Amino acid sequence: MTNVIEVKNVTVYYTHVCALSNVNMLVRDKEFLGIIGPNGGGKSTLLKVILGLIQPNSGEVKIFGQPPTKALGTMGYIPQFTKFHRDFPISVEETVLMGRLSGGIPLFHKYTKKDYEIAHSLMDKLDIYSLKDRQIGQLSGGQLQRTLIARALTVRPKILILDEPTASLDTESKSHIYEILEELNNDMTIIMVTHDMSAVSSHIQTLACLNVNMHYHGHPELTDELVNKLYGCPVDLIAHGVPHRVLKEHNKGGHDHA
Amino acid sequence: MLKTIMQYQFLQNAVISAVLASIACGIIGTIIIEKRLVMMSGGIAHTAFGGIGLGFFLGIEPIIGALVITVGAALGVATIKRKTSMNTDIPIGIFWAAGMSLGVLFVALTPGYPPDMNTYLFGDILTVSRSNLYIILSLDILVALAVIALFQHFKAYLFDEEFSTVMGIKTTFIEYLLFILIALTVVVVIHVVGIILIMALLTAPPAIARLFTHNLKRLMVYSILIGIFFTLTGLWLSYTLNIPSGTAIALFISVVYGAVSLVRALTQRRLRHNNG
Ligand SMILES: Nc1ncnc2c1ncn2[C@@H]1O[C@H](COP(=O)(O)OP(=O)(O)OP(=O)(O)O)[C@@H](O)[C@H]1O
Ligand SMILES: [Mg+2]
């Protein structure tokens, strides 16, 4: 299998704060990678570097062997925090259709019938079709989130990048989204940042643990030791009884290769 | 008044330029409100005054001077916005002051009888000449054409720059284009309401149109229509009451905007009252 994403020795500083230090990561085609780590661990920063939204201070990122700026349009993105104004005059349907825009600056662009079909079927799938004419400011947090997921999917990306996509969703929508993601995973590579440990155990194939440094990247099996190292203390997830696959016993650890 | 309009060339020019100004302002005003660029546009508008002064000083058509300086300022502001994370209100405030001061300086340096700058500050729609009209018309076509041709991409950029960038949309290009369009619009409107009152014509029509629609395209169309209503009514008021046209238009805009806001506040209060 080929590597679709290569992150080599990437270091990112925000003025004086070091967000990522010498991070290496390879993502294979059709991999479903989960990224976990504490708040401020640099997860969102890593995604933005992959997307080409942030230039690393050193190191390099290759998407399909090319720099991210050349790979624009092949990636779908759902940010952790949206920066747009929710009172912007745009409807749910228009927002979702945005994913069908082509790059560059084509003149007199018009959405085709196929664009509408793709958008509508995804809106159907995510249960927001009935909201299609709503202005996005009039949606609940979860409905907006589903709109943004639909928008990222209408891109029909080769790589789907999600930053805590299920944070504001109810349990039912959550498992629904994971089902959709698993289905999509047949055709695309997925990278998902999450704090949702049950998702880690049941849906993802590989796990990366990030806290400025990449602590682990491999099978989704965590040792207490690693969790301690990553979060600094035994986190909630242990107390709450995380499914077996995630937490292995002390001595059987995963191999650190970061 | 209609009969007089037919008779007098200058009144025809006034009506045509009012309509043209409303078109550019409706489109660009909607954009700067939605993109929160009102303050920046104010800064760009005020540098036009420096350009007009420069025009007088060099002995060229002042509107050409304004065009050059305003576009330059717009590119500068766009670069500042892109390159620094600092609060752009501060450099904009400096632009604002420097633009006005340079205008005054150039006029003072211009030999001979000082020109009447009031026309440019407060506008005088009744002095719009044929050649001015052609300049306004061509700039207007440019603004409308650019926004129509790139409408979906403009909308994406205005709404969500980050996502647009990831989609491969040339957001930097669109942003610079937008700032140039803002500059052009400012120059278009100078003769109608003047630099001081430009912000009223840019912001009030879309602010009112916003109450009636949540669709960007319709917002622009409604803003244009509201702008035409404002400028023509203001023109008529200025003609019948014999007050300066720019002042009449801007005051009329303010009164209508105030009334609409008041009505809206009252109806919302009543709605809340009834529901609660
Ligand atoms: N725009 C910024 N300017 C300055 N520092 C930043 C900026 N964005 C992030 N940081 C810093 O970089 C570090 C990594 O931030 P990042 O957002 O990548 O963390 P994260 O792992 O996504 O955290 P969370 O789980 O809270 O979302 C943090 O220490 C943060 O303070
Ligand atoms: Mg984050």
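None of the figures in this text is laboratory data; all of them are computed from the coordinates on show. As the structure is a computational prediction, the values presented were derived from the model and not from experiment. Using ideal geometry, Cβ is built from the backbone for each residue, glycine included, and neighbour counts are taken over all protein chains shown.
A 21 angstrom limit on the alpha carbon distance is what I want to check against. Which of A:Lys70/A:Lys158; A:Lys48/A:Lys125; A:Lys8/A:Lys43; A:Lys83/A:Lys110 exceed it?
Violating the 21 Å limit, Cα to Cα: A:Lys48/A:Lys125; A:Lys83/A:Lys110.
At a threshold of 8 angstrom on Cα-Cα distance, excluding pairs fewer than six apart, so keeping six or more, what relative contact order does region A:3-246 reach in percent? Intermediate values should be presented prior to the final figure.
Details: 439 pairs, mean separation 63.4, N = 244.
In percent, rounded to a whole number, it is 26.
With a cut-off of 8 Å between alpha carbons and a minimum separation of six or more residues, what is the relative contact order of chain B in percent?
30
Among A:27-37, A:112-122, how do they line up by average Cβ neighbours within 10 Å per residue, starting with the highest?
So the order, starting with the most tightly packed, is A:27-37, A:112-122.
Calculate the FRET efficiency for A:Gln66 and A:Asp87 from the Cβ-Cβ distance with a Förster distance of 35 Å, rounded to the nearest 0.05. Display every interim value, and only then the final one.
On the way: r = 38 Å, r/R0 = 1.07.
Given R0 = 35 Å and the Cβ-Cβ separation, E is 0.40.
What is the set of long-range amide H partners of A:Ile35 at a cut-off below 5 Å, with H atoms built 1.01 Å from backbone N?
Amide H neighbours of A:Ile35, under 5 Å, 5+ apart: A:Met192, A:Val193, A:Thr194, A:Ala208.
Where in chain B are the DSSP H helices whose alpha-carbon span along the long axis reaches 15 Å or more and whose Kyte-Doolittle mean is at least 1.0? Each step should come with its number before you reach the end.
Numbers: long enough: B:9-34 (37 Å, 1.65); B:38-58 (30 Å, 1.40); B:62-83 (31 Å, 1.31); B:89-109 (30 Å, 1.82); B:130-149 (28 Å, 1.82); B:171-209 (30 Å, 2.31); B:216-241 (36 Å, 1.36); B:245-275 (45 Å, 0.43).
Both cut-offs are met by B:9-34, B:38-58, B:62-83, B:89-109, B:130-149, B:171-209, B:216-241.
Can you tell me which of B:Phe212, B:Phe57, B:Phe154 moves the most in a GNM of chain B? Springs connect C-alpha atoms under 10 Å apart.
B:Phe212
Taking only the alpha-carbon positions of the protein assembly as shown and ignoring solvent, what does the Debye formula give for the base-10 log of I(q)/I(0) at q = 0.06, 0.07 Å⁻¹?
Each listed q maps to, in turn, -0.39, -0.51.
From the backbone phi of region A:39-51, what are the Karplus-calculated ³J(HN,Hα) couplings (6.51 cos²θ - 1.76 cosθ + 1.60, θ = phi - 60°) in whole Hz, Gly and Pro given as x?
Result, rounded to whole Hz: 4, x, x, x, 5, 5, 4, 4, 4, 5, 5, 4, 6.
Compute the orientation-averaged projected area for region A:3-246 from the convex hull of its Cα atoms and round it to one decimal in nm².
Over all viewing directions, region A:3-246 projects a mean Cα-hull area of 13.9 nm².
Count the DSSP beta bridges whose two residues both fall in the protein assembly as shown, then state the antiparallel fraction as a percent rounded to the nearest 5.
Bridges in the protein assembly as shown that DSSP calls antiparallel: roughly 50 percent.
Counting partner chain Cβ atoms within 10 Å of every residue's Cβ in A:100-111, what's the average?
For this peptide, the per-residue mean of nearby foreign Cβ atoms is 5.
How do the peptides A:167-178, B:19-30 rank, highest first, by the average count of neighbouring beta carbon atoms within 10 Å per residue?
So the order, starting with the most tightly packed, is B:19-30, A:167-178.
Can you show me the helix-derived [θ] at 222 nm for chain B, built from DSSP H runs with n ≥ 4 at -39,500 (n - 2.57) apiece and divided by the number of residues, rounded to the nearest 500.
Helices in chain B give a 222 nm mean residue ellipticity of -29000 deg cm²/dmol.
What residues qualify as long-range amide H neighbours of B:Gly123, i.e. H under 5 Å apart, gap of 5 or more or another chain, H built at 1.01 Å from N?
Distant-sequence amide H within range of B:Gly123: B:Gly194, B:Ile195.
Given axes a ≥ b ≥ c from the Cα gyration tensor, I'd like to know whether region A:64-111 is rounded (a/c under 1.5), prolate (a/b larger than b/c) or oblate.
Verdict is oblate for region A:64-111.
Shielding by partners for A:50-57, please: the mean number of other protein chain Cβ atoms within 10 Å of each residue's Cβ.
1
Among A:146-155, B:121-130, how do they line up by average Cβ neighbours within 10 Å per residue, starting with the highest?
Going by the mean number of other Cβ atoms within 10 Å, highest first, we get A:146-155, B:121-130.
Compute for region B:2-275: radius of gyration divided by Kirkwood radius, i.e. Rg/Rh, restricted to C-alpha atoms, rounded to two decimals.
Here the Rg-to-Rh quotient is 0.99.
From the backbone phi of region A:209-218, what are the Karplus-calculated ³J(HN,Hα) couplings (6.51 cos²θ - 1.76 cosθ + 1.60, θ = phi - 60°) in whole Hz, Gly and Pro given as x?
For region A:209-218, the Karplus curve yields 10, 10, 9, 6, 9, 7, 8, 7, 8, x Hz.
Give me a single rounded figure for B:206-213: the average over its residues of other chain Cβ atoms within 10 Å of their Cβ.
Mean partner shielding for this stretch: 1.
Starting from the Cα gyration tensor of region B:1-158, take the square roots of the eigenvalues, sort them a ≥ b ≥ c, and report rounded, prolate or oblate (rounded when a/c is under 1.5, otherwise prolate if a/b is larger than b/c, else oblate).
oblate
Take every DSSP beta bridge whose two residues both sit in region A:3-246, then give the antiparallel share in percent to the nearest 5. Walk me through the intermediate numbers first.
Details: 20 of 37 bridges.
Of the beta bridges lying entirely in region A:3-246, close to 55 percent run antiparallel.
At a 10 Å Cβ-Cβ cut-off, how would you order B:Val260, B:Val15, B:Val189, fewest neighbours first?
Least crowded to most crowded, the residues run B:Val260, B:Val15, B:Val189.
Which far-off residues, 5 or more places away or on another chain, put their amide H under 5 Å from the one on A:His215, with H placed in the peptide plane?
A:Cys209, A:Leu210
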